[in-house]
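Encoded as structure tokens, the structure appears first; notes follow it.
The values are calculated or read from the model by the stated rules, or taken from the named source; none is laboratory data. Because the structure is predicted, anything quoted here is derived from the model rather than measured. Cβ placement follows ideal geometry from the backbone for every residue including glycine, while neighbour counts extend to all protein chains displayed. For accessibility, only protein heavy atoms count, side chains too; no ligands or nucleic acids. Shrake-Rupley method; radii C 1.70, N 1.55, O 1.52, S 1.80 Å.
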Amino acid sequence: MSPEAIADAIADTIAAELAEPGWCVVPNYLDAAETAGLRQECLTAHAKNTFHRAGVGRGTAEIRDEIRGDQVLWIDETTAGPALKTVLSKLEALRLSVNRHLFLGLFDVELHFAVYPSGAGYRRHLDRFQDDDRRTLTVILYLNENWSAADGGLLRFWPNQAEAALEIEPSGGTLVTFLSDRFWHEVAPAQRQRLSLTGWFRRR
Ligand code: OGA
Ligand code: MN
């Protein structure tokens, strides 16, 4: 199979999970080389002080340390490096597959690199804004090398509110994706720097 055919097959598998139960965790969605390439592009940009503190809410977002402590850099597709370009084309295959299977009408994606310094987390939240319902599907791709349980930084994810949270390690290459309006989640503080590419497919 060609890389495109493989990407389409993986996208179809993910789309089926998004139909029901509405979320999906895919270890090794990126292979080690893709993950290392993307991590390097993230760290190179971060070293140039291009990141800014992430705010809470839309528009003139406030910086609230007690709610979220990450730094982000919004992705500009026109200046994407080779690793990011590969990932963008895989995510495009996912967008098309989800539209084919779920009729969500996803029409674009907004993505940012996120760097959580040691000790930073993100308190329990939903991704969809109260005053803007375009964010429809969340994608999180972890870029961390050799993550171990002692590093903390787990994503706690509630498949439903009645049950205990799942705890997902932010291991490099893992994709987490879920319908943005439905699932509460939080980032536990990590003992080391924690890297991801995170974004939202939007409808009009
Ligand atoms: C977010 C978020 C989770 C993670 O950026 O909205 O919930 O595991 N990130 O990084
Ligand atoms: Mn979130």
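When the residues of region 68-86 are filtered to those that are open to solvent by less than 30 Å² (accessible area, probe 1.4 Å) and within 16 Å of ligand 1 (Cβ to nearest atom), the one that is nearest to Trp200 (Cα to Cα) is Val72. Within region 160-204, the set of residues being polar (S, T, N, Q) and within 15 Å of ligand 2 (Cβ to nearest atom) comprises Thr177, Ser180, Ser196, Thr198. Residue pairs whose Cβ atoms lie under 7 Å apart, sitting 6 or more positions apart in sequence or on different chains, and linking a residue in region 151-169 that is free of Cβ contacts under 8 Å to residues at least 60 places away in the same chain to a partner that is among the aromatic types (Phe, Trp, Tyr) and in a loop (DSSP other than H, G, I, E, B), are Trp158/Phe183; Trp158/Trp184; Gln161/Trp184; Ala165/Trp158; Glu169/Trp147. Does region 137-146 hold any residues that are more than 15 Å from ligand 2 (Cβ to nearest atom) and crowded, with 20+ Cβ neighbours inside 10 Å, and which are they? Within region 137-146, Leu143, Asn144 qualify. When the residues of region 117-131 are filtered to those that are away from ligand 1 (no atom under 14 Å from the Cβ) and open to solvent by 80 Å² or more (accessible area, probe 1.4 Å), the one that is farthest from Asp181 (Cα to Cα) is Asp131. Being open to solvent by 20 Å² or more (accessible area, probe 1.4 Å), more than 10 Å from ligand 1 (Cβ to nearest atom) and at pLDDT below 95 holds for only one residue in Arg134, Arg95, and it is Arg134. Going residue by residue through region 28-50, is there one that turns out to be closer than 22 Å to Arg204 by Cα and either free of Cβ contacts under 8 Å to residues at least 12 places away in the same chain or in a loop (DSSP other than H, G, I, E, B) (or both)? No, region 28-50 has no match at all. The one condition from (1) away from ligand 2 (no atom under 15 Å from the Cβ); (2) closer than 19 Å to Leu111 by Cα; (3) out of contact with any helix residue (DSSP H, G or I) (no Cβ under 9 Å at 6 or more places or on another chain) that Asp151 does not meet is (2).
Within the bounds of region 166-187, is there any residue that is over 18 Å from the mean Cα position of the chain (by Cα) and surrounded by fewer than 16 Cβ atoms within 10 Å (Cβ to Cβ)? Looking through region 166-187, none of the residues is over 18 Å from the mean Cα position of the chain (by Cα) and surrounded by fewer than 16 Cβ atoms within 10 Å (Cβ to Cβ).
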